[in-house]
Structures are given as structure tokens and as C-alpha cells.
């Protein structure tokens, strides 16, 4: 298990490093002077010169990458070209908004989706199961920004149940929660459907396995068979999927943050693109990538730990 | 003259990655799946290898077919060394040996029809001058299947029929040696006989040598000339099949014989029940590797591995062979 | 009747498939006398697993039972409610499945699974654990107390089958169904398991319905044997009667085919030509007629009746009928 | 094939899916015939109208007919989806088979590459790319190709690994078959089935991604009609009129539903093992 942990975390670090390298090359692949690109329209010769200095553009490429990593390791992601504040400060200032949105969405989706999937699997082929099935598919396929637009249109503009824009007053917890409802709903909805389908499918698969037949043949009560013998195995794939789901949610959060004019990483990237504030764009992409890698790593570790077969073989 | 001669063969598998081995402080992260194995197969004869699951019998077959690398020892086919063959020599070797696999249906490519499956060897070896349709009919007839079977897919065949298709394909290039891994596995007793009869007939007609691997001693005696008993990758006893059945020397052989009861409720059985289970290859027992299960174990058995001993062609690895 | 633990009368089971109705079992009669071991022998596709699923009432959803009764200790299992049935399972009626690798839950410890099935007993956890430990000890698992905390994958195949037997016999049932419990095991382990079953059966005094395709094992273990072919019982009787004086041509051929039974070395082994008939479109007359070497005209159209060939020896074949 | 269509027709959801997909494809192909107006022609007088017989879905702030824009937007969406998925599929199949069948170290490298690409949240990656090279139709295609390759590649690799361990591949090796022959004759035919279903179920995702990028103004350049840009117009006008949002979202939702239902129906048809579990 220890070796597996080391390996898995090592892989995560390797992936992050590769991703950083990839981003680094993306800047260099675009024709033109990277310093000029990064500075955008505000590029004055002096600024370009100082930027080149900062990036080490006069040095060979491998050295540049090393410098890039060294800076990153110190938490230095460059300077905002407009306000000249450190990018790291800006990005980490926005991170809590995105994190709270994503966690609310995924926890909500899991709390609704997993029991729903269980229910469908147990009452397989019943009317309720079929209706849930169709609704789930509809939920999965609805793009997050469309859901966001409609919830904005219906609940905020027409019904005025929830506030339309922003993240709420600082310090006012109730207000912040009210501002969280619609965006979280918008990105969580497809996950309710997805998780319920997933849990249903894996539940049905587990219920068909031999050891479930054994448990029934020993006369165990159905409740025990379902909740102790089947569910424990059936939720294993969900853990992995939720880890990967973080990436999808980060993507979906971009749209919702923009639609609801809510601060966060996605909004930050979007706004920075329109002001050609590239260091901020790159910094935000980097941080969200690291976030994603961390969450998949953790979910893999949890998964390995939950399954005694994997736990022992590692 | 022997078609195949295997000498002191050893096949190893890595069980821990270099990193794991380093962390666990294991200097030897390998296991020996096959160890010190020597035998030869005479032309037109059948050699049978008997062993329980995990004994390394399939590994040995794969190593002989050079589908697995061998760590030590030599494999000579018609006098030429198989382990050091170049790619083109290997192609020629593959033309002269053919394999029958354990899973009759699973060893046939699922999206190909029987007709193309059995003539595939011609395509692989670039024998384009042959009339494949006619060859297909000839092969099907040889294994006793009607010609219209060439239009069927593997999943439309029963186990016995799929097995026949496997035999047909094995015969396509008129090989010198057929390696058959569990030819009767998964077949009902009434069909088992058909396949064994087919193999016998093929051998009588074509004079091909056979290397049969099985866990079922009862199958062995009607088809084979020589038999070896394998345990934890090593031969415990090897000799002419009739001798082995009549006078088993190794306690394991006689336990295997006793473990295949005949369907006679009144039969007087010399029960020789073995203790425990086959140990893991990861921790081989010291001395005679069978001593953990042997009913006649002595202290000597735990110290040193007995050499293969015996007279003429009958050899066994035991300090206290069963007396007649 | 009361001498039997299990009495199956006239039982038929159908499956609804895409091709039509598959008549997996037709008018099957089986008796399991108290304290005896009854072997059921048949080749693949003969309906052995359908028989078991019917007895423990865990048939697939596309199956239905048009006729028949399964009398277990005086009650017809087929008419019991789901709850009443659950009370029987694992208590009076228990089962050991074929594949020891997949029949135990992989994410729960052996101890958990063994104490779970004692949920009916109002005992303390420690008592239940003790019971499990004793049971594991009696099936020959060394150091049972500590092994109780291990997961199934930490045991070898033979060990798992021992555990499965321990679980099945934990409640001292009156009937144990053993569904090819040794098929997945090596021959030397098979012998061990057979002996273990025989020994436990005599200490507990239960009856055993032992399903196998291995004639030698049946001969060694069982008192009675039932021969099934393509969903019908063709012959039944004491093991020595059936194996020594087989009355049905199928039994006769089956015994002949077993390689262990062929004393002389031969290059030409006996076989049963032909295939099992398609159970969706059943042929008329005798089910075995197409593969039978002694077929007569009557076999074509008339279904053979169950005939008393000798004391407790029944056969379904026209050749043995008095007419 | 005929039987496949028959079976889909027997499944009500599959039938609905087939109908929706057919509707989408037909209306996209025949857009220039059906569309009553030029999708980019301005008509300031008729701006911001609700649905009427003259303008079936109303008009936007520039007076362009929304129904016509929806039809042509479908054309764009379908084109992007088909092109990018085909390219990604081809590359994914090749890389996946190499990873699954090739030596261990190559497998590790390819998998690491896949994992790296997958570690970028798709939309973030897309935004970063657009920020550097600017929005255009081909940028969208490139982004979709790059982010889809790992998905297909991984599926092909998994399939290859599981097929590779089958005895029939061992049998081919033992007969001396070349790697190329094994890959093309024995692996590919067994891999493509599930892959096509996966791809068909991926079409809605791709269409949604294109619409999303266009919605942010980072996809197809205006005035080219796109469902995403219609929605963007609607978002800006959300307090004035709901019609552009409705006009842009209805086809999007219907098409994603259509492809998903069809894909699920196909999957159940081809893979009975999966059917059991759904």
C-alpha cells in the first residue's frame, strides 16, 4: 500500500510537471515573441525587455523551463500585466469561490444521485425506474451552460427566488448560500443523472455476481444483502468517477461563473482573456490542472484503500 | 530419432518490479516457473505432461513454442537450437509445429468464419498457390466435420466442434509436432472420447509427434507413450506411460492415480490422500519440494533435493520410492 | 414419504427465450431420503443448475414452473412465501456452490460473512464468532481465530471451498445441496473435499444432494444416484445398482465412456455420437433416441414411462417396459 | 444492418433518438433549402420579435431570423463534430493499439501523455488555447481533437489489452502471424464496434463544447451562425426577451438527447452484456 501511495503520488507530480511543460511550450509554439504575447496590447519595449529578462528568454530553452519550474516551486507565477500584482495572489483569491461551488455541486449530486441509483437498481424495470432512467439521461445530456441560462431565466429573472449575479456579501453566510444555489444546481444537475445511472449499473452488475447468490442462498435478509453485501462493492467505481468528475465540474464552472457573474477561476480566465492578461490566464489554468490532478490522485488512493483486494496486492 | 529435445530448461518470471524489489530488499524478484526440465519426444510418438494447476505445465509448452523466453537450457527441434533462432528460422519453426489451445472456442478469432480460420496458416506463411477452399474442405473432412461448417462463426460451434476446428487448423501445414494444451478441457466425457480418438487417428495417419498437456491422468494412458509428472515446475517422475501406471515410484504419482476414482462403488481403493495444498512458487519448500504434502515424509526429505534417479527410461525424484 | 427430506414430483421448468420456450426440465422426480447422499449426474446442459435454482427458489426471472412440487420436510417449497423461504435457506436448507473464487463476497472478511448468516440466532457477537471458529476448525482450516479477520482473496481455492462448506453447515441444515463443489479444484484437492463432506455429513447427520458430472466421485461418495439427460431423469437407484447394472442405454454409455473405467489401454475410446437435442423444439418420443444404439420403433413417438426395474431402481426406457 | 434498424425501432427511446438525429442531419444538410431567410442578413426593423408565422422562432437584436440561424448553426455544429471526432478516432485507435500491443515502456509513455492531456479541465484548456491563437472554427476542431484522443486511446488500449490476453491472439502468434496482421485482422474488427458507439455518444458532448465556446465568444467567429452565439445573444438580452435562449437551446437539447438515446440503444444492441446491466 505504501509503495502504491508513493507511486501514485509520484505519477501525479509527474503529470503536473508534464502539464506545466506543455503549457510552457504552448506559449512558445505560437509564432512571435513570447514576451510580446504575454504582455498583449500593452507591450512597450521596456516592458518587453523586463518580461524577457524575467522569463529568461535570452537563455537556452532547457534553462528557461528550469527557471519556469524554479519560479513555480517558489509560488511565483509571474506578475499581472495590468495591476502588477503577483498572479498567485489573484488566482488563490478566486480559488475558494470555485472550490465551494464545485464541492457543493458534487456533494449535492452524490447525496441525490447515489440513493436514486440504488432505488432504481432495486426496483429494476418498474415505472419509477424507467422514469428515473429517462430523466437521468436528459440531465446528463443537458449542457451546463444551458441549464445555467434557464435557471437564471426562470428562477432569477422571472420568479426572482434567488439572486442572479455575484457570490453574495462577504461575511453574510446566508447570502452566500443563496448565491450558491443556482450555480451549483446548474453544474450538479448532470451529475445527479450520471451518478444515478452509474450506481444503478454497477449495482445491477454486483447483484448478478455469484457471491450475492450465495448470500441469498444462506437466507440473509434482502436489506442486508443490498446494503452490506452489494452496495459496498457498487460504490467503488463511483469514487473514481467523482475524482475524474472534478475536471468536468471545473469546466462546467467556467460557464456558470460567467453566466451568474460569480467570481472564481473560470470568470478570472474569461476576464483575463478579454484584457489579454496572459500570465493570469496561464496561472489559473495551471492551478485548476493541479487541483484536478490532486483530486484524481486522492480518489485513486481512496479507491485502493476501500477495496481489500487492491489494498493487499499493493 | 527425437523430434524435440529439451535439456535442463528453466523459465523465470519477474514477480516484483525493480522498485518493489528494492524497497522490500529482495535480491531475487523472480520465480522459477519451470526448472531443470529435460525430456525428448520421439518421431510419431506422444509425450504427455501431467500436473495440477500452477505446476508450470502450460508455461513449459509456451517456452517450447518460443512464445515465452527461457532463461537457461536448450530446446532442440530436429537438431537445431530453438532458443537462438533468428526471425526467419523461427518462422520456419512455427511452420513445423502447431498448437492446440486450452479453450476450444476462445482460441478461434471470433469474427472469422471457420473456413478462413483453418486456412489462415497458409496466408500467414505466404502459401498463396494453394486452393484454400479445397484445402479447407480437405481439412474439415479430416477432422470429421461437414463441409458447410466452413461458413460458421466460432460462437456457433459446440465445444467438441470447436475443438475439431482447432485440430483442423493445427494440421493445415502438416506439422512435425503438435502441442496440445488440455485437449479435453471443458468437454463432456461422451465428447472427450471423440477428440482423443481423433488425435490418435491423426497420429496413426500422419505420423505426427505430439506433446499433450493435461491434468487428467485418465486421459493420458490411452494416447501417450511417455509421461512426465510435473510439480512446482519440476519433473517428479518421467517414464513410459505403461510403466508409470503399473508401477508408480513417486508418492505424488500414485496419489494422482488414486485421485481419479473409477465409477465403481465397490472398488477397493488404495487411498493415498495428500495433506494440504500446492505451495506457492514464491516460497518453494526446501529439499524435496513435495515433502510438505507427502504421506511418507522423512527428515532427509527436508534437507536436500533428490536427484532424478532410476533405471533405463523410468526416472523419479524421490529418496523413498514406492516399492512394488 | 416422511422418510424423505426432499421429494420432487413431476417438476417442470421453462425459460422464456428469444427463440421460444426452452423446456429446461420436464416431469422430474427425485427423492432424497433422510441421512443419505444422493448424487445427480449429467452432462453440460442437462438441467442440473436449473434443478438447484428451483430447490433454493433462486430461478432467473425468465423462468416459470408449469407443474410439479418440491416437498421439503413436509412443505411444498414452491408455494412458500418469500419470507418463509428465506427462513429455510441457510438454516434447514443450505448450499455449496461450484466456484469457490466468486461465491464469497470479496470486500467483507470471512468472519463478517460467517457471523452475518447467524443473524437468526440471538447470541452475542463473541458466541457467534466462537461458533464460526469451531466450524472453520472442523473443516480443517488451521489457526481459524486469526483467519476469521481475513478476506476471501487471502485464501487458496481449496481453502475457500472449505470455508464455503463451513458456512453452509454452520446451522446444521437437514439438507445440503452441493453444486459441483470440486469441479474447479485439482484432483488431489477433490479427494480431500469429498472426504471432508462425507465425514461432516455423518457427524451432522444431514442429507446431501450432490451434483456432479464426475462418475467416479459419485461412486465414491453417494448412496443413491439420479441420472439426468437433457432435462429428464432417465434412471435412478442405489449407486451399486445403477453403476453395476445400468438399465438405461445412456447410463450404460456414460459409464463406458469414462476413461477411468476403461481398464485396457486402447486407441479407440467409446463415445456417444450426436448432440443433445434442442430444448426449444423438443423431438417427440424418447429424448435420447437420436443418440441411442438400441433404438426401437416405439422410441420415435411414444415417451417412455418411469418403470420400476428393481427395488428402488427406476428407469425410463421402452426396452425395459414389460409390454 | 437492416436488422439493427429493426431492433432500434423496437425500442421506443432508440426510435426517438433515431428520429431526432435524422431530423438534425436532414435540416443541417438541407439548411439552405429550408431556411426562409439569410441567416446573417440584418433587418433592424424586425428586431427582437417573438415567434410568428413570419419568423418561426422570432428574431434577434439585429433582426436576423432565428429559425434560419438555428438551421445553419446546426450545419456548423454537425460539421465540427464529425470532422473532429473522426480525426480523434483515427489517432486514438492507432495510439491505443500501439500502447496496448507494443512494449511496456511505449505503453507507459503514451499513457502518461494521455493522463497529462486529461489532467487539463477541457474548457480551461480550450480557453488557454483560444487566448493564444485566437478563436476560429479550426481552433475548435484542434481543441476537440486533442482533448478527445486520450478518451478513445484509453478505450482502445483497454480493449486491446483484454483481447491480447485471449487465446486466439496467442494462437495467431504461435502460427507466426505478423504484428500487422494481428492488429488489422484480429484486433481492429473487435475494437471498432464499442468505439463507434462511444463516438456516437460523444457527438453531443462535442456539440455542447462547441456551443459553449461560441457562447463565450471563443468559438466560431461571428457572424457565422452557431447555437452558442445565439445563446450568447440571448444571455445579453435575458431581461428583455427569452426567445433567443429558447431558440438556441431547443435544438441543442434535442440533438444531445437524440444522439444519447440512439447511442444507448445501439450499445444495448451490440453489447448484450451491457444491456443486461442497463
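From the square roots a ≥ b ≥ c of the eigenvalues of the alpha-carbon gyration tensor of segment C:25-93, which class results: rounded (a/c under 1.5), prolate (a/b over b/c), or oblate?
Note, shape of segment C:25-93 comes out oblate.
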Value at 222 nm in deg cm²/dmol, rounded to 500, when DSSP H runs of n ≥ 4 in chain C each add -39,500 (n - 2.57): -8500 deg cm²/dmol
If we sort C:174-187, C:271-284 on the protection proxy, mean other Cβ atoms within 10 Å, highest first, what's the order? C:174-187, C:271-284
Using 1/(1 + (r/R0)^6) with R0 = 25 angstrom and r between the beta carbons of residue D:109 and residue A:244, what's the FRET efficiency to the nearest 0.05? 0.70
Just for the Cα atoms in segment C:64-133, what are the lengths along the principal axes, largest first, rounded to whole Å? 44, 30, 16
Based on DSSP, what percent of beta bridges with both residues in the protein assembly as shown are antiparallel, to the nearest 5? 60
Measuring from the lowest to the highest alpha carbon on each principal axis, how far does chain B reach, largest first, in angstroms? 65, 58, 38
Inside 10 Å of the C-beta atoms of C:100-106, what's the mean count of C-beta atoms belonging to other chains? 6
Would you please calculate the Kirkwood hydrodynamic radius of segment C:106-170 over all C-alpha pairs and express it in Å, rounded to one decimal? 11.6
Rounded, prolate or oblate: which fits segment B:1-95, taking a ≥ b ≥ c as square roots of the Cα gyration tensor eigenvalues, rounded meaning a/c under 1.5, else prolate when a/b beats b/c? prolate
For chain D, what does the helix formula give at 222 nm: sum of -39500 (n - 2.57) over DSSP H segments with n ≥ 4, over the residue count, nearest 500 deg cm²/dmol? -24500 deg cm²/dmol
Mind checking which of B:158, B:17, B:313 has the largest fluctuation in a GNM of chain B, springs on alpha carbons under 10 Å? B:17
For helix C:187-204, report the angle its Cα long axis makes with the longest principal axis of the Cα atoms of chain C; keep it between 0 and 90° and round to the nearest 10°. 70
Spin-label model distance (nm) - residue B:216 vs residue B:53, 7 Å beyond Cα toward Cβ: 1.6
In 10 Å bins starting at zero, report the fraction of Cα pairs in chain C per bin as a rounded %. 5, 25, 32, 24, 11, 3, 0
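Can you give the FRET efficiency for residue A:222 and residue B:23, using 1/(1 + (r/R0)^6), R0 = 51 Å, r = Cβ-Cβ distance, to the nearest 0.05?
Result of the calculation: an efficiency of 0.65.
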Can you tell me the alpha carbon radius of gyration of segment C:1-118 divided by the globular rule-of-thumb value 2.2 N^0.38 Å? 1.17
Using all C-alpha to C-alpha distances in segment D:126-278, build P(r) with 10 Å bins and read off the rounded percent in each one. 10, 27, 27, 19, 12, 4, 1, 0
Using Cβ contacts closer than 10 Å as the measure, can you line up B:47, A:248, A:24 from fewest to most? A:24, A:248, B:47
In what order do A:145, A:270, D:196 fall by count of nearby beta-carbon atoms within 10 Å, going from fewest to most? D:196, A:270, A:145
Taking the simple approach of a point 7 Å from Cα along Cα-to-Cβ for both residue A:271 and residue B:43, what is their distance in nm? 9.0
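Please report, in cubic angstrom per residue, the volume enclosed by the convex hull of the alpha-carbon atoms of segment A:88-313.
Values: hull volume 33.2 nm³, N = 226.
In segment A:88-313, the Cα convex hull volume per residue is 147 Å³.
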Express in whole angstrom the spacing between the alpha-carbon centres of segment A:156-198 and segment C:256-305. 72
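What does the convex hull of the Cα atoms of the protein assembly as shown come to per residue, in Å³, rounded to a whole number?
223
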On the first, second and third principal axes, largest extent first, how far apart are the outermost C-alpha atoms of segment D:78-141 in Å? 39, 23, 16
Going by how many other beta carbons lie within 10 Å of each one, how would you line up D:180, A:25, fewest first? D:180, A:25
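If you wrap segment A:57-158's Cα atoms in a convex hull and average its projection over all directions, what's the area in nm²?
Its average projected convex-hull area is 12.2 nm².
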Run the numbers on chain A and let me know its relative contact order in percent, using alpha-carbon pairs under 8 Å that are six or more apart. 26
For chain B the mean separation of alpha carbon contacts under 8 Å (6+ apart) over residue count, i.e. relative contact order in percent, is 19
Spherically averaged projected area of chain D from its Cα convex hull (nm²): 17.6
For segment B:69-130, one quarter of the surface area of the C-alpha convex hull, expressed in nm², comes to 6.0
Within segment C:92-249, percent of DSSP bridges classed antiparallel, to nearest 5: 40
Over its Cα atoms, what ratio of radius of gyration to 2.2 N^0.38 Å does segment C:79-217 give? 1.01
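Would you mind giving the mean number of other chain beta-carbons within 10 Å of the Cβ of each residue in B:101-111, as a whole number?
Details: counts 6, 2, 4, 1, 2, 5, 8, 4, 12, 6, 6.
Per residue, the average neighbour count from other chains is 5.
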Quick one: helix B:159-171 against the long Cα principal axis of chain B, what's the angle to the nearest 10°, folded into 0 to 90? 80
Per the helix-only calculation at 222 nm, which mean residue ellipticity applies to chain B, given -39500 (n - 2.57) for every DSSP H run of n ≥ 4 and division by its residues, nearest 500 deg cm²/dmol? -9000 deg cm²/dmol
Could you give the distance between the Cα centres of segment B:186-265 and segment C:102-148, to the whole Å? 40
Between the helical axis of D:188-215 and the dominant principal axis of chain D, each derived from Cα atoms, what acute angle in degrees is found, rounded to the nearest 10? 30
Percentage relative contact order, segment C:106-170, counting C-alpha pairs under 8 Å, at least six apart: 45
Listed highest first by mean packing, meaning other Cβ atoms within 10 Å per residue, what order do C:30-40, B:285-295, D:203-213 come in? D:203-213, C:30-40, B:285-295
5 Å-binned pair-distance histogram of segment B:167-324 (Cα, whole percent): 2, 8, 16, 18, 18, 15, 11, 8, 4, 1, 0
What is the packing order of peptides D:224-233, A:179-188, taking the mean over residues of other C-beta atoms within 10 Å and listing the highest first? D:224-233, A:179-188
How crowded by other chains is C:249-259, given as the mean number of beta carbons from other chains within 10 Å of each beta carbon? 4
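Coordinate-derived values only; no laboratory data. Everything numeric here is computed off the predicted structure, so don't read it as measured data. Cβ atoms come from the backbone with ideal geometry, glycine included; neighbour counts cover every protein chain shown.
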